[in-house]
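The values are calculated or read from the model by the stated rules, or taken from the named source; none is laboratory data. Remember, predicted model here, so these are calculated numbers, not experimental data. Neighbour counts are summed over all protein chains in view; Cβ atoms, including those assigned to glycine, are modelled from backbone coordinates with ideal geometry.
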Amino acid sequence: MTTKTLIGKANQNFIAGKFTNGQHREMEVLSPQTGEVIANVPMSAKSDLDQAVAAAKAAYPAWSGLTLKERVQVFYKFRELLAANIDELTELVQLENGKIEGEARAEVFKGIELTEFACSMPQMVNDEVQEVSKGVECRTTHVPVGIVASITPFNFPHMVPLWTIPNALVLGNCMILKPSEQTPLSGGKIAELLKEAGLPDGVLNVVNGDREIVEAICDHPEIDAVSFVGSTRVAKIVYARATSNFKRCVALGGAKNHLIVLPDAHVEMAATNIAASMSGCAGQRCMAASAMVGVGKIDHIVERLCEVTRSIQAGNNLGSVISKEAKERIERYITEAEAAGAKVLVDGRNATVAGKEGGFYVGPTVIDYVTPDMNIAKEEVFGPVLAIMRTDDLDEAIRIENSSDYGNASSVFTQNGGLADYVMERVSAGMVGVNIGVPVPREPFPFGGWNESKFGVTDITGKSSILFWTKLKKRTTKWNPDAWTNWMS
């Protein structure tokens, strides 16, 4: 399949059921694997957003007026279309994001799982009814919020849109999706498949763009809720701007996830899980292990970790990073840490892939003897780099973890259940694990961190998302005038 055939119209805006370029400037979309231009994406103006909101408003009465079970039927069909098109969807993720084939395919499978969760909503979203006094009944009903928006990042161009689209739409909302301008293709393809599945025009609209359109979404008076996934710096801006305009907002930011490794950890399990967590998706995920805190004598684990890491090769079982700027930034962190006294055990700088010399690759990197004050220990690198810090005290390891501004994830590697519980109870992170490098909850459990990794009350996926995409209507009724009454009725 050629690149042009694969992309189709997925690089355009999708408004009221139709693909359109609009009359605006365009930005080149580069393949991270080769550095070549693969598409041009429109940088939309506020007028495009106005059109999308108008289309959503027109579709909202009929869509929200359907029963939950009726809306779910579209997503049963959508799930089948995702499965039928898995090869094409996988290739699209590889093309625009640079993942290796297995990672891209896993991302599409996760999108199928997210859709299946949305299809189970009729079994989870039920009215609560109680006779609170003789002849008096109270009932709560989940009502859609209205017109909502989802702003998604480059690192999971297929999965993260499906964190929000199925749940929000099944619950009766109409949505504007704003994909990353670096990876706009998967979002367009999702809109195309949803239309094929029978989603009415205007229920989902895709508006491409950059900062200008994000600000317009936060300011638009007829958008009622905004979800965001990206860096903490931008998450703060989006959350502050959206809520200042009286919208509900959940904004997921960055992370600095710490893996605490004890001397009794299973060597092979620890080494393979840590290496996979650090390098998976080229380290471009908010659940990647970017910091390891070794407690006591852990040289034997570090040695095996380095052996496993050396088997991970750019262009083979390691994908590219998103851009030339990202490659330069990641390598700058490594060089700075080395200059400050850290020891580079596995060096991924200056990685190239034969036949793809123009691609943006950083090899897996392990840096030992990092100190907590170094930038690489504190800041989100977002690349396949692991910084190892050392201490002889478990409580000090926990203090190092808790000193981070972030709070997405943390894991402990040990064979001692008591120590594992001790760590999990004390680390300041929203998602914790034992002997697992990426402690991501699976549906129906929600995804979401703490501290500066998340802004807003609810989580973005799972059962928690129901509270974000709906509002409660409380009904109190009394029909029997002959019922015995007291002060409650």
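Does the stretch 430-450 contain any residue that is in a helix (DSSP H, G or I) and modelled with pLDDT of 95 or more? The answer is no, given that none of the residues of the stretch 430-450 is in a helix (DSSP H, G or I) and modelled with pLDDT of 95 or more.
Looking across the stretch 343-358, not a single residue is among the hydrophobic types (A, V, I, L, M, F, W, C), over 31 Å from the mean Cα position of the chain (by Cα) and within 15 Å of Ile376 (Cα to Cα). Does Val293 meet the test of being part of a helix (DSSP H, G or I) and in the same structural domain as Phe413 (by TED's automatic domain parsing)? So Val293 fails the test. Inspect all residues belonging to the stretch 307-315 and state whether any of them is among the aliphatic types (A, V, I, L, M), assigned to a helix (DSSP H, G or I), over 28 Å from the mean Cα position of the chain (by Cα) and in the same structural domain as Gly283 (by TED's automatic domain parsing). Within the stretch 307-315, none of the residues are among the aliphatic types (A, V, I, L, M), assigned to a helix (DSSP H, G or I), over 28 Å from the mean Cα position of the chain (by Cα) and in the same structural domain as Gly283 (by TED's automatic domain parsing). Quick check on Leu171: is it in the same structural domain as Trp63 (by TED's automatic domain parsing), out of contact with any strand residue (DSSP E or B) (no Cβ under 7 Å at 6 or more places or on another chain), closer than 21 Å to Lys463 by Cα and buried (at least 22 other Cβ atoms within 10 Å of the Cβ)? In short, no.
Any residue that is in a helix (DSSP H, G or I) and over 27 Å from the mean Cα position of the chain (by Cα) - is there at least one of those in the stretch 381-394? Scanning the stretch 381-394, I find at least one residue that is in a helix (DSSP H, G or I) and over 27 Å from the mean Cα position of the chain (by Cα), so the answer is yes. Residues in the stretch 165-180 that are assigned to a helix (DSSP H, G or I) and hydrophobic (A, V, I, L, M, F, W, C): Ile165, Ala168, Leu169, Val170. For Ser31, the conditions (1) within 25 Å of Gly209 (Cα to Cα); (2) surrounded by fewer than 17 Cβ atoms within 10 Å (Cβ to Cβ) are fulfilled apart from (2). Of all residues in the stretch 107-135, those that are within 17 Å of Thr164 (Cα to Cα) have Cβ atoms under 6 Å from Cβ atoms of residues that are surrounded by 15 or more Cβ atoms within 10 Å (Cβ to Cβ) and acidic (Asp, Glu), 6 or more apart or on another chain, in Phe117/Glu443.
Pairing residues of the stretch 297-312 that are under 14 Å from Pro364 (Cα atoms) with residues that are among the polar types (S, T, N, Q) and surrounded by fewer than 21 Cβ atoms within 10 Å (Cβ to Cβ), at Cβ distances under 6 Å and at least 6 apart in sequence or on separate chains, gives Val308/Thr272.
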